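This report refers to the structure that appears directly beneath it.
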Amino acid sequence: MKTDRKIRFGVIGCGLMGREFAAAAARWCQLAADIPTPEIIGVCDVKEEVASSFAANLPSAKYVTTDYRELLAAPDIDAIYCAVPHNLHEKLYIDIINAGKHLLGEKPFGIDRAANENILAAVAAHPEVTVRCSSEFPYYPACQELIRRIEEGQFGKIIEVRSSFCHSSDLDVNKPLNWKRMIEYNGEYGCMGDLGLHTQHIPFRMGWVPTDVYANLTKIVKVRPDGRGNTVPCLTWDNATLSCRVRDRDGDLFPMMIETKRICPGATNDWSIEVDGLSLSARFSTKDPNAFFYTEPFGREQAWCRVDIGSKPMIPTVTGSIFGFGFTDAILQMWATFICEVCSIPVKFGCIRPEETALSHRLQTAALISHKERRAVEL
Ligand SMILES: NC(=O)c1ccc[n+]([C@@H]2O[C@H](COP(=O)([O-])OP(=O)(O)OC[C@H]3O[C@@H](n4cnc5c(N)ncnc54)[C@H](O)[C@@H]3O)[C@@H](O)[C@H]2O)c1
């Protein structure tokens, strides 16, 4: 018997990610676990037509507004999903937390380190609310397999870790500029602000916190059409390669490479992680989303093996385990995980915690200094 408990949500920002949440909430019956259902009763977007067309698909929407403060004042809203441009994170997240609403925010959780510190101060002042940051990729079952093996210590001494998130759409030099390519909305981090936390969620949770970073940041396409017939400067970093060092349990340092690229030929939202160890190496990539790759001894050599994990997610679903698993399934898992955390239901691998966003800001701020001064920067 499933619970009839509901968590009543307001969505602030009805763009790409706001729509993904509404879609996930609409197929809650796919979960075969006793987790309260999200009910979206509040909808806000500064663009009236965006808010109303979003709400048109949601019979439960009771508040539809262009002013997010109306949702914060609604006593029957328990939690907020806020997916707005980075320059608004600080103000909106702090207001949401101060209003006593649970929050799933989006990365980078503040446009810069100062904004992030202010958000974390609000989190500290409101221990009664659950605050997390979105990150869906670890919930692929094949990636959960990788995490399980790390937690069980199967890799032995770590040789190296590589984590990356790459896109290629900006290879098109005629792609118009949008807010994600403008420093005033996206921030100085550029591609790192957009993509970085995705690459860091698992390493940070595994305790792999860089001691220092040497960064190479590149601006490859320096001008873009503005969509109104003009060509304007595109000032955000396109690609970032961070060479970090991490201290293992023996006190030795191992390299951790973190790549976030907007211009990576052939990549379409490709997220991957590889862990190489003395006893085992393994990798997961969304390019082959059901596959788990790992090494087996082959005489004195190592064979890379591939196994199809199928649909065996962390939170059980009604989907047969031989069926495939994809992006929208990972989003559903992340949402179920967040609601478990709100309701104190134990989960094996939780959403990004506020203190992990602070680590990310330390790393990415150090990366900016490293690139500017051409030196490794300690964290
Ligand atoms: N988890 C992921 O995989 C993922 C993917 C893409 C983006 N994101 C993050 O999600 C956030 C939003 O990105 P997006 O791609 O959905 O952007 P988007 O541009 O598609 O949507 C943002 C929406 O916010 C609205 N908005 C702007 N100011 C507002 C305000 N003051 N009040 C209410 N609404 C406002 C805009 O009108 C727009 O509809 C960013 O932080 C981004 O980094 C996460």
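Per-structure values
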{"quantity": "Residues of the range 212-242 classified as in contact (Cβ under 8 Å) with a residue 40 or more places away in the chain and either in a loop (DSSP other than H, G, I, E, B) or buried (at least 17 other Cβ atoms within 10 Å of the Cβ) (or both), total", "calculated": "18"}
{"quantity": "Failed item in (1) more than 11 Å from the ligand (Cβ to nearest atom); (2) within 25 Å of the chain's Cα centre (by Cα); (3) among the charged types (D, E, K, R), with residue 62 passing the rest", "calculated": "(2)"}
{"quantity": "Residues located in the range 158-187, provided they are within 24 Å of residue 132 (Cα to Cα), modelled with pLDDT of 95 or more and buried (at least 16 other Cβ atoms within 10 Å of the Cβ)", "calculated": "163, 164, 165, 166, 185, 186, 187"}
{"quantity": "Any hit, the range 6-19, residues being within 18 Å of the chain's Cα centre (by Cα), surrounded by fewer than 18 Cβ atoms within 10 Å (Cβ to Cβ), of a type outside the set (A, V, I, L, M) and near the ligand (Cβ under 10 Å from one of its atoms)", "calculated": "yes"}
{"quantity": "Any hit, the range 86-104, residues being under 17 Å from residue 121 (Cβ atoms), within 14 Å of the ligand (Cβ to nearest atom) and of a type in the set (Phe, Trp, Tyr)", "calculated": "yes"}
{"quantity": "Enumeration of residues in the range 107-129 that are part of a loop (DSSP other than H, G, I, E, B) and crowded, with 21+ Cβ neighbours inside 10 Å", "calculated": "107, 108, 109, 110, 111"}
{"quantity": "Count of the range 137-153 residues which are within 14 Å of the ligand (Cβ to nearest atom) and in contact with a Ser or Thr (Cβ under 9 Å, 6 or more places away or on another chain)", "calculated": "3"}
{"quantity": "Residue check for residue 74: hydrophobic (A, V, I, L, M, F, W, C) and more than 28 Å from residue 325 (Cα to Cα)", "calculated": "yes"}
{"quantity": "Test set (1) more than 14 Å from the ligand (Cβ to nearest atom); (2) assigned to a loop (DSSP other than H, G, I, E, B) - residue 176 fails condition number", "calculated": "(1)"}
{"quantity": "Residue count for the range 43-57, restricted to those that are within 11 Å of the ligand (Cβ to nearest atom) and either surrounded by fewer than 15 Cβ atoms within 10 Å (Cβ to Cβ) or among the charged types (D, E, K, R) (or both)", "calculated": "5"}
{"quantity": "Pairs with Cβ under 7 Å, 6+ apart, first in the range 1-29 and within 19 Å of residue 96 (Cα to Cα), second in a loop (DSSP other than H, G, I, E, B) and charged (D, E, K, R)", "calculated": "7/78; 8/76; 8/78; 13/45; 14/45; 17/106"}
{"quantity": "In the range 66-85, residue farthest from the ligand (Cβ to nearest atom) [restricted to those that are part of a helix (DSSP H, G or I) and farther than 16 Å from residue 17 by Cβ]", "calculated": "73"}
{"quantity": "Residues of the range 369-379 satisfying the condition of being touching a residue at least 40 places away in the same chain (Cβ under 8 Å) and either in a helix (DSSP H, G or I) or farther than 21 Å from residue 117 by Cα (or both)", "calculated": "370, 371, 375, 376"}
{"quantity": "So residue 366, is it in the same structural domain as residue 206 (by TED's automatic domain parsing), within 26 Å of residue 115 (Cα to Cα), of a type outside the set (Ser, Thr, Tyr) and out of contact with any Lys or Arg (no Cβ under 6 Å at 6 or more places or on another chain)", "calculated": "yes"}
{"quantity": "Some residue of the range 89-104 being closer than 23 Å to residue 337 by Cα, touching a residue at least 40 places away in the same chain (Cβ under 8 Å) and not aliphatic (A, V, I, L, M)", "calculated": "yes"}
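For (1) under 26 Å from residue 341 (Cβ atoms); (2) without any contact (Cβ under 8 Å) to a residue 12 or more places away in the chain, each residue gets a yes or a no:
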residue: 109; (1), (2): yes, no
residue: 117; (1), (2): yes, no
residue: 153; (1), (2): yes, yes
residue: 164; (1), (2): no, no
residue: 168; (1), (2): no, no
residue: 171; (1), (2): no, no
residue: 193; (1), (2): yes, no
residue: 201; (1), (2): yes, no
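The values are calculated or read from the model by the stated rules, or taken from the named source; none is laboratory data. Model, not experiment: these values are computed from the prediction. Neighbour counts run over all protein chains shown; Cβ positions are idealised from the backbone, glycine included.
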